[in-house]
Amino acid sequence: MKGMVILIRGLPFSGKTKVAEKLKEELEKKEIHTVIIDQETIRKSLFPEIDYSYDNWNKIIERLNFITGILTKEGLNIIITTTVPKKEFVQIVREKNESFFEVFLALPSDVCKEKDTEGIFPDVEKSFEPSDFPDVKITSIEQVDDIIRRFEELGYIDVYDSDEEEEIKKRLQNLGYID
């Protein structure tokens, strides 16, 4: 089975990593194993020569797609945290990954700006485009349950536990629908 890519996108300092960690924890409870890939960590450690110019974002996205392609082919579910500024870059990731789910973390920019100790926020904010049609839009870590609920609605997560599943199978066998 091929894995899924879950893209958590938002402004810098919006809490993407914390949301990813909480989401991973909740998915692990449901025996859905995931790996978190932080775009900034990958860029700094594997591709430090790449800055955040518009042209280099294409390279960053291309390389993230390459890495996630290898991992999802092996059945791993990947959570990517990223600031990726343009909607077109999100579309590239969406098109390259068969199972794709976008979470847009829409924290108000003034809240993010207050957390910026590096002075990078103004540059990113100028070029950042909010997502038009994410699979889920949240504003805080407390809404991770909304992500899980959406996964269930889309059929990515079974809503039955193993006991309930066995009971349903028995009923279907008794009715002659399955052997």
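No lab work stands behind these numbers, since they all come straight from the coordinates. Nothing here was measured: the structure is a model prediction, and the numbers come from that model. Heads up, the Cβs are rebuilt from the backbone with ideal geometry, glycines too, and the neighbour counts pull from every protein chain shown.
Dipole of the chain, Cα-centred, from +1 at each Lys and Arg C-beta and -1 at each Asp and Glu C-beta, to the nearest 20 debye? Write down the numbers at each step before the final one.
Details: 26 positive and 38 negative charges, 92 e Å.
The dipole of the chain has a size of about 440 debye.
Toward the positive end of the charge dipole of the chain, about the Cα centre and with charges on Cβ (Lys, Arg +1; Asp, Glu -1), which of I147, Y52, L76 goes farthest?
The Cα lying farthest towards the positive end belongs to Y52.
Determine the calculated [θ] at 222 nm for the chain from helices alone, applying -39500 (n - 2.57) to every DSSP H run no shorter than 4 residues and normalising by the residue count; nearest 500 deg cm²/dmol. Mind showing how you got there, number by number?
On the way: 8 runs with 90 residues, N = 179.
So the helix-based figure for the chain works out to -15500 deg cm²/dmol.
Setting aside same-chain residues fewer than 8 positions from K169, which aspartates and glutamates have a Cα under 13 Å from its Cα?
By straight Cα distance, K169 reaches D161, D179.
Could you give each residue of the range 13-30 its phi-based ³J(HN,Hα) in whole Hz, using Karplus coefficients 6.51, -1.76, 1.60 with θ = phi - 60°, and x for Gly or Pro?
These are the phi-based 3J(HN,Hα) values: 6, 8, x, 4, 5, 5, 5, 4, 5, 5, 5, 4, 4, 5, 5, 4, 4, 9 Hz.
Only counting other Cβ atoms within 10 Å, I'd like F101, F66 sorted with the fewest neighbours first. Let's see the in-between values first.
Values: F101 21, F66 11.
So the residues, fewest neighbours to most, are F66, F101.
Within the range 122-179, list the chymotrypsin sites (Phe, Trp or Tyr not before Pro) lying in a DSSP loop whose Cβ has at most 12 other Cβ atoms in a 10 Å radius.
Loop-located and lightly packed - Y160, Y177.
Net charge around L105, counting only other residues with Cβ within less than 10 Å of its Cβ (Lys, Arg = +1; Asp, Glu = -1)?
Values: positive: R9, K16, K18, K137; negative: none.
That sum, taken over residues with Cβ under 10 Å, equals +4.
Within the chain, which is the longest segment containing none of the GluC sites (Glu not before Pro) that sit in a DSSP loop and have at most 16 other Cβ atoms within 10 Å? If you can, show how the numbers build up before the last one.
Details: sites that count: E31, E49, E74, E98, E118.
After excluding every exposed loop site, the longest remaining stretch is 119-179.
Report relative contact order for the chain in percent, whole number only (criteria: Cα-Cα under 8 Å, sequence separation at least 6). Write down the numbers at each step before the final one.
Details: 241 pairs, mean separation 58.3, N = 179.
Relative contact order here is 33 percent.
What is the fewest-to-most order of T139, T81 by other Cβ atoms lying within 10 Å of their Cβ? Mind dumping the intermediate values first?
Details: T139 15, T81 25.
Fewest-to-most ranking of T139, T81: T139, T81.
For the cross-link pairs K73/K113; K16/K86; K29/K113; K59/K115; K29/K87, which exceed 26 Å when the distance is taken from alpha carbon to alpha carbon? Kindly include the intermediate steps, with their values, before the conclusion.
Numbers: K73/K113 38 Å; K16/K86 17 Å; K29/K113 34 Å; K59/K115 28 Å; K29/K87 32 Å.
Violating the 26 Å Cα-Cα cut-off are K73/K113; K29/K113; K59/K115; K29/K87.
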